[in-house]
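Since the structure comes first, as structure tokens, the remarks are kept for the end.
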Amino acid sequence: MGRTYPLNHWYAIATSAELTDRPLARMICNIPLVMFRDKDGAVAVLEDICPHRKAPLSSGFVVDGAIECGYHGAQFDAQGRCIHIPSQDVIPPRGMTVTRFPALERHDMIFAWIGDDKRATPDGIPDIWSANTDPGWTAVHGYHHVKANYLLVLDNLADLTHLAFVHRSTIGASGRTGWFNNPLRVAIDGDTVRTSRTMRDISPSGFMLMTGRFAPTDRIDRFQTSDFFAPAFFTVVLGGEPAGTQEEMQRPHHIVLNSVTPETEETSHYFWSVCRTAALGDQHITDEMYRLTRLAFDEDADMLERQQQAIRTDRSGRPLMNFQGDQGGAAMRKVIARLIEAETEEQAA
Ligand code: FES
Ligand SMILES: [Fe+2]
């Protein structure tokens, strides 16, 4: 199997809260990276290997905004230039640099550009993260390390018919009707895929009951609009209105922001936020929302890891099959395949 992710893109690599005054190591797209903050607090991302004897830089410390190798103390600045070698005055003129990757910090998330750094553009990150920090929302954040290819995680987000099965005893307990009886609309626009579904005259979701937006006996119309931004960002907007009152529903009750970053071909970093517009600032609801979301994504991760294991030992050689609910996921995979192909052609040219 070839590489399943394109390189010339921004990927989420950490949350802001994770990056303190110590180096943070993380493998992204099969490249070991180390992150740290420079003197001004800006994020620096370097390849996690010291050119001296190839120890991981992340085994060291952050000293005055530079990273100090934990083995013999060589220091590197945010650009990856060696600025100090404790045991000698002279820095070798060649060979003592570390590859650096463009990085950006926005709305409590840290992103890195993994491919050709000359092509990195700040506007390449879709502006979908503001609900993480905007006072009009209350957000909970989480991270799952998933032992499955990132496309399997994206498939899981794109096909919500799994709710009634994977989450039968948690967030999917309210039944299957809404998700099964209403067709999914799919619209592809360049590198984005929008899937949406309207579900009329059904019960409110568990989260809508939790915030007090609706009562258990209410009948409501619900909508779900998911946007995929290739290759690795995925938002799900969920909302509802009293049944029969609105043709076009747009007001979100909550948004799930997802960022799925390949770690290796068979493992992923999954960053998520659930941001709500109701019961703002209510800590009990915030804690409960975090607990339930974490539980649900634990259930997803468990299934995804079993799925990856089954794919690894699959003897059939047959491709994955698509059900109707996979239309969004299939469109998403097509966009990603096109991006990888374009990169491969460029490299060959
Ligand atoms: S291995 Fe890093 S300074 Fe020696
Ligand atoms: Fe799920």
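Is there a residue in segment 266-273 that is of a type in the set (S, T, N, Q), surrounded by fewer than 20 Cβ atoms within 10 Å (Cβ to Cβ) and within 27 Å of Leu154 (Cβ to Cβ)? Spell out how you get there, then give the answer.
Of the residues in segment 266-273, the ones of a type in the set (S, T, N, Q) are 267-268, 273.
Filter once more, keeping what is surrounded by fewer than 20 Cβ atoms within 10 Å (Cβ to Cβ): 267.
Adding the requirement that they be within 27 Å of Leu154 (Cβ to Cβ) leaves 267.
Yes: one or more hits.
Those residues that are closer than 30 Å to Asp134 by Cα and without any contact (Cβ under 8 Å) to a residue 24 or more places away in the chain, I need them from segment 59-109; list them, please.
Once the filter is applied, which keeps residues that are closer than 30 Å to Asp134 by Cα and without any contact (Cβ under 8 Å) to a residue 24 or more places away in the chain, segment 59-109 yields only Arg106.
Which of the residues spanning segment 297-325 are among the charged types (D, E, K, R), open to solvent by 90 Å² or more (accessible area, probe 1.4 Å) and in a helix (DSSP H, G or I)?
Selection gives Arg306, Arg312.
Hey, could you check segment 338-349 for residues that are open to solvent by less than 50 Å² (accessible area, probe 1.4 Å) and not charged (D, E, K, R) and say which is farthest from the chain's Cα centre (by Cα)?
So the residue we want is Ala342.
Quick one: in segment 258-288, which of the residues that are of a type in the set (A, V, I, L, M) and within 15 Å of ligand 2 (Cβ to nearest atom) is farthest from Ile31 (Cα to Cα)?
Residue satisfying both the conditions and the ranking: Val274.
Among the listed residues Leu160, Leu154, identify the single one that is within 16 Å of ligand 2 (Cβ to nearest atom), under 30 Å from Gln308 (Cβ atoms) and open to solvent by 20 Å² or more (accessible area, probe 1.4 Å). Give the derivation first.
On the way: Leu154 fails: open to solvent by 20 Å² or more (accessible area, probe 1.4 Å).
Answer to the check: Leu160.
For Val335, work out the one condition from (1) of a type outside the set (Phe, Trp, Tyr); (2) in a helix (DSSP H, G or I); (3) open to solvent by 10 Å² or more (accessible area, probe 1.4 Å) it doesn't fulfil.
Only one criterion in (1) of a type outside the set (Phe, Trp, Tyr); (2) in a helix (DSSP H, G or I); (3) open to solvent by 10 Å² or more (accessible area, probe 1.4 Å) is unmet by Val335, namely (3).
The values are calculated or read from the model by the stated rules, or taken from the named source; none is laboratory data. Because the structure is a prediction, the values reported are computed rather than measured. Cβ: placed from backbone, ideal geometry, glycine included. Neighbour counts: every protein chain shown. All accessible areas refer to the heavy atoms of the entire protein, side chains included, with ligands and DNA or RNA removed. Shrake-Rupley method; radii C 1.70, N 1.55, O 1.52, S 1.80 Å.
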